[in-house]
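Notes to accompany the following structure.
The values are calculated or read from the model by the stated rules, or taken from the named source; none is laboratory data. Everything numeric in this text was worked out from a predicted model, so none of it was measured. Cβ: placed from backbone, ideal geometry, glycine included. Neighbour counts: every protein chain shown.
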Amino acid sequence: MKKNKLLKVVAVIGAGVLGVSMFAGCAGSAAPQGTNDAPTTQTPPQGDNKYIVMGTNAEFEPFEYREGSEIVGFDVEISKAIAAKAGKELKIEDMEFGTLIVGLNNKQMDFIAAGMSVTEDRKTQVDFSEPYFTSKQMIIVKSDDGSIQTADDLVGKKVGVQLGTTGDLFVSGTDGVEVIQFDKAPLAVMELKNGKVDAVVIDAEPAKRLVEGQDDIKVLDVPFTEEEYAIAVRKGDTELLNLINSVIAELKENGEYDRIFKQFFDVEE
Ligand code: GLN
């Protein structure tokens, strides 16, 4: 029953994103509204075989984020290994999370590596690789707010989410919660600090990074909805999917996965 409701939310989000400027998040190259023109900065010409294109939303530290003008992160390292295996150069297409699946199916990228959780609904639109990371949704609140201690306490509250994410789906599917959708997670956190929302629901690792060094907000110690991240390709693109799966397996086998993990996460040795 609840599931039907969740699917409906996805459909609405899917339809909604087509109406907004699709590339608002791209460096200085928003496409005119209503067109499918790719942003000029990072997209190779179609049919150019030199490149393999990763689609992502570089606002999701430590998986993908900007360091100066460069996009770096855990997913970028995995994507570099995919490019190397394919014998191509890696290009990164940075766009709003909610537009990635549409972008993939419009051939603006070859695959999505964006901390994207496998969901039943997404599986009807893309093919997923083997999972490469296990995550959870977490709740960020003001440090002095004692009224929210578990997910149940979100009922009756204003909750900020990132549009089209599993956090959005979860909260939108819970009766009695007022959901406020943002294009970017850091904006939701800013509104929490400003008192415009009571909580933010977002994936565990980015949640930790977003509160780091800030006394006025904290992550609640009550994870919910275990999820798995995987890389998405267009339906039926089995050649690329097999290549990606072999890269994930190799990285795990040869110790590279652990090296990348240590590079981007606080690991206690
Ligand atoms: N894991 C979440 C999802 O798949 C959020 C991903 C993101 O914001 N990059 O919806």
Failed criterion for residue 227 (all others in (1) at pLDDT 95 or above; (2) more than 16 Å from the ligand (Cβ to nearest atom); (3) acidic (Asp, Glu) hold): (2)
Checking residue 219 against (1) without any contact (Cβ under 8 Å) to a residue 24 or more places away in the chain; (2) surrounded by 17 or more Cβ atoms within 10 Å (Cβ to Cβ), the condition it does not meet: (1)
Any hit, region 234-246, residues being of a type in the set (D, E, K, R), crowded, with 19+ Cβ neighbours inside 10 Å, within 16 Å of the ligand (Cβ to nearest atom) and closer than 21 Å to residue 164 by Cα: no
Residue in region 114-128 that is in contact (Cβ under 8 Å) with a residue 12 or more places away in the chain and away from the ligand (no atom under 14 Å from the Cβ) present: yes
Residue identified as within 16 Å of the ligand (Cβ to nearest atom), modelled with pLDDT under 95 and not acidic (Asp, Glu) among 146, 173, 160: 173
Which numbered condition residue 41 misses (of (1) out of contact with any Pro (no Cβ under 9 Å at 6 or more places or on another chain); (2) surrounded by fewer than 23 Cβ atoms within 10 Å (Cβ to Cβ); (3) at pLDDT 95 or above; (4) among the hydroxyl-bearing types (Ser, Thr, Tyr)): (3)
Residue check for residue 185: within 25 Å of residue 213 (Cβ to Cβ) and modelled with pLDDT under 95: yes
Counted residues, region 141-163 - those being in a helix (DSSP H, G or I) and crowded, with 18+ Cβ neighbours inside 10 Å: 3
